[in-house]
Amino acid sequence: MTAELTSGRGHLLELGNTRWHRPALYVFSFIVLAHWAEHMAQAIQIWVLGWPRPQAGGLLGLAYPWLVTSEWLHYGYAILMLIGLWTLRGGFVGRARTWWNVALWIQVWHHVEHLLLLVQAITHSYLLGKPVPTSIAQLLFPRVELHLFYNTIVFIPMVIAMVLHLRPRAEERARMRCTCALAHA
């Protein structure tokens with residue numbers, strides 16, 4: 001039974017990096033862009049509309065203010081990003097793989113920061129005696145700006161990786177196991 005389950009997961013991972021790589025990248029990209037939209041809405045609420053930070057929760061925060069203050073939500077997204085970057089990396093080769101790995105390793109750190117925040121929220125024991133859960137980098141930068149920064153430095157290498165993946169060099173195209181590459185011009 002265990003071997004069957006393992007081979008089933010392995011088969012799904014294989015499909016996600018071969019035949020289903022392009023649709024999987026589209027779904028993952030949609031999730032990433034939706035998250036970006038939330039951060040951009042929050043930034044507009046603060047810097048354009050002049051809302052106080054506690055009331056600026058993005059679009060989701062307007063409907064469910066309690067949800068966006070939940071460390072579980074933020075940790076869940078961080079782990080989803082990490083899983084997505086890890087599971088889809090097998091479909092990348094060459095230069096695209098290098099850039100995808102850059103995004104993955106930055107997300108590993110981002111995940112560690114969110115894990116630290118979640119542990120603090122659960123234990124009510126806050127870093128350096130702060131009154132709220134605080135990440136390491138948050139000791140130097142405000143949370144909204146920090147998360148815009150983190151999402152930017154993960155997003156940029158992801159986009160570079162996807163562009164290079166769609167437009168591979170001939171030797172990279174020959175090593176690809178998926179059909180993501182665009183037709184030759």
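Could you give the dipole magnitude of the chain about its Cα centre, charging the beta-carbon of Lys and Arg +1 and that of Asp and Glu -1, in debye to the nearest 20? Could the numbers behind the result be given before it?
Values: 14 positive and 8 negative charges, 118 e Å.
With Lys and Arg at +1 and Asp and Glu at -1, about 560 debye.
Picking from Thr87, His74, Leu116, whose Cα lies most toward the positive end of the charge dipole for region 2-175 (charges on Cβ: Lys, Arg +1; Asp, Glu -1)?
Going by the Cα projections, it comes out as Thr87.
Take each uninterrupted DSSP H stretch in the chain, measure its Cα extent along the helix axis, and return the ones at 24 Å or beyond whose mean Kyte-Doolittle hydropathy is at least -0.5.
Qualifying helices: 21-47, 71-88, 94-123, 143-166.
Let me have the 222 nm mean residue ellipticity of the chain computed from DSSP H runs of 4+ only, each contributing -39500 (n - 2.57), with the sum over all residues rounded to the nearest 500. Numbers along the way, then the final one.
Numbers: 8 runs with 130 residues, N = 185.
Calculated mean residue ellipticity at 222 nm is -23500 deg cm²/dmol.
Which one of Gly50, Pro142, Thr152 is farthest out on the positive end of the charge dipole of region 2-175, using unit charges on Cβ (Lys, Arg +1; Asp, Glu -1) and the Cα centre as origin?
Value computed over the given set: Thr152.
When you count, for each residue, the other Cβ atoms within 10 Å and take the mean per peptide, how do 145-151, 68-74 rank with the highest first?
On the way: 145-151: 17.7, 68-74: 15.4.
Ranking, from highest mean packing down: 145-151, 68-74.
May I have the pair-distance distribution P(r) for region 23-182, computed from all Cα-Cα distances with 5 Å bins from 0 and rounded to whole percent?
2, 9, 16, 19, 18, 14, 10, 7, 4, 2, 1, 0
Computed from the coordinates by the stated procedures, all read-outs in this text should not be read as laboratory data. If you're wondering where the values come from, they're calculated on a predicted model, not measured in any experiment. As a convention, Cβ positions derive from the backbone with ideal geometry for all residues, glycine included, and neighbour counts pool all protein chains shown.
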